[in-house]
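Data block below; observations after.
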Amino acid sequence: MTATNPAIDVAGLTKTYRARHREVRALDGLDLTVGAGTVLGLLGPNGAGKSTTVRILATLSLPDAGAAHVAGYDVVRDAAAVRRSIGYVSQKPVTRSMDTGRENLELAGHLHGLGRRETKARAQRLLDAFGLTESADRLVRTYSGGMARKLDVAVGLVHSPSVLFLDEPTTGLDPEARAELWAELSRLAGDSGMTVLLTTHYLDEADRLADQVVIVDRGRVVTRGTPDELKDQLHGDGITVDLPSVEVASLAAGVAARVAGLSEVGVDGRRLRARAASGAGTLPVLLAALEAEGVPVHAAGLARPSLDDVYLHHTGRTFEAEMAGVAA
């Protein structure tokens, strides 16, 4: 891979699974290009094709059609070279709980063919970088969730990959542990020029840390750009009104549809959402209209466009609702 070539290049990727006596098209001609040294956030509804994409790029699954190159190598014809070039951190723990943190890192180094001296040196550098030096010789089963997840990421980095795949890396961590992990990942990406592709359900992380965001839905890319570019495409302010029930929210949507200056009126559970060119002037008019119709309001809010608004605009569902559906 040269400096001018993309770290990840995907064209027309297609993948179909057989599930419950029917075919499911996980990827439907997906195109994706990620420049070297870029941190890319891959977002999308459950079943949109994110995990399938990552698995194919990491050579864990084969595509039905299309082409994909990682670090300059074809993921099908040059799978071994791809594996030597990447780190992959899945949602599930990869470390051995009855070994120490140091032993896990040194084992990973040996599996990647590193020499004894180099393995020990890299293991120590990663322990230092992730703040695990004091606990390096403790069994992993005694680690906190945040410490164990840091070690998982360190294992994915022990062979100094040029591309790192992170699949929901901070799920289940408390806010402090998430912040610590992302600070270290951000520093590593900036210092080493490593390319990072992550899937995450924390939109604040993607907004703050990703250079580029790609939203996929039904196996296709529906939009891409920097977080600021995507938010700027949604002109005006976002308005939310929380109602006491789904039925009342539906009634409120009918009232809102008649308020001048409102657009993209919709209901998300008990929440009414809309956009307005001038939210500060339109929100009071909306609240007055709801009061005139006897619609009780629990709370109302006004905000500049967020990645959740972008997600809603392109997929028809908020990210919060999507994750609630997954949890259910």
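The values are calculated or read from the model by the stated rules, or taken from the named source; none is laboratory data. Note that the structure is predicted; figures quoted are calculated from it, not measured. Every residue, glycine as well, gets a Cβ built from its backbone with ideal geometry; the counts of neighbours run over all protein chains shown. Note: areas computed on protein heavy atoms with side chains; ligands, DNA, RNA excluded. Shrake-Rupley method; radii C 1.70, N 1.55, O 1.52, S 1.80 Å.
Annotations
- For segment 115-169, a tally of residues being among the aliphatic types (A, V, I, L, M) and out of contact with any Leu (no Cβ under 9 Å at 6 or more places or on another chain) returns 3.
- Meets criteria (open to solvent by less than 70 Å² (accessible area, probe 1.4 Å), of a type outside the set (S, T, N, Q), in a loop (DSSP other than H, G, I, E, B) and in contact (Cβ under 8 Å) with a residue 60 or more places away in the chain) for Leu230: no
- Residue match in segment 234-247 (condition: open to solvent by 10 Å² or more (accessible area, probe 1.4 Å), free of Cβ contacts under 8 Å to residues at least 12 places away in the same chain and farther than 13 Å from Leu287 by Cα): yes
- Any chance Thr170 is in contact with a Lys or Arg (Cβ under 7 Å, 6 or more places away or on another chain), β-branched (Val, Ile, Thr), within 28 Å of Leu30 (Cα to Cα) and modelled with pLDDT of 80 or more: yes
- Among residues of segment 8-39 being acidic (Asp, Glu) and at pLDDT below 95, the one that is surrounded by the most Cβ atoms within 10 Å (Cβ to Cβ) is Asp28.
- Segment 188-203, residues that are of a type outside the set (S, T, N, Q), out of contact with any helix residue (DSSP H, G or I) (no Cβ under 8 Å at 6 or more places or on another chain), in contact (Cβ under 8 Å) with a residue 12 or more places away in the chain and open to solvent by 20 Å² or more (accessible area, probe 1.4 Å): Gly193
- Test for Asn5: is it loosely packed, with under 15 Cβ neighbours inside 10 Å, under 14 Å from Thr199 (Cα atoms) and at pLDDT below 95: no
- Tabulated pairs, segment 80-101, first at positive phi and assigned to a strand (DSSP E or B), second crowded, with 20+ Cβ neighbours inside 10 Å and modelled with pLDDT of 95 or more, C-beta under 8 angstrom, 6+ apart or interchain: none
- For segment 265-287, the criterion of being surrounded by fewer than 18 Cβ atoms within 10 Å (Cβ to Cβ), at negative phi, hydrophobic (A, V, I, L, M, F, W, C) and modelled with pLDDT of 95 or more is met by at least one residue.
- Sole residue being in contact with a helix residue (DSSP H, G or I) (Cβ under 7 Å, 6 or more places away or on another chain), assigned to a helix (DSSP H, G or I), within 21 Å of Ala58 (Cβ to Cβ) and modelled with pLDDT of 90 or more, chosen from Leu151, Leu164, Leu107: Leu151
- For segment 40-73, the set of residues classified as part of a strand (DSSP E or B) and either open to solvent by less than 10 Å² (accessible area, probe 1.4 Å) or touching a Ser or Thr at 6+ places or on another chain (Cβ under 9 Å) (or both) consists of Leu40, Gly41, Leu42, Leu43, Ala65, Gly66, Ala68, Val70, Tyr73, listed by residue number.
- Just one of the numbered conditions (1) open to solvent by 30 Å² or more (accessible area, probe 1.4 Å); (2) more than 30 Å from Ser306 (Cβ to Cβ) is not true of Leu105: (1).
- Conditions (1) open to solvent by 10 Å² or more (accessible area, probe 1.4 Å); (2) of a type outside the set (Gly, Ala, Ser); (3) touching a helix residue (DSSP H, G or I) at 6+ places or on another chain (Cβ under 6 Å); (4) farther than 30 Å from Ser144 by Cβ: number failed by Thr95: (4)
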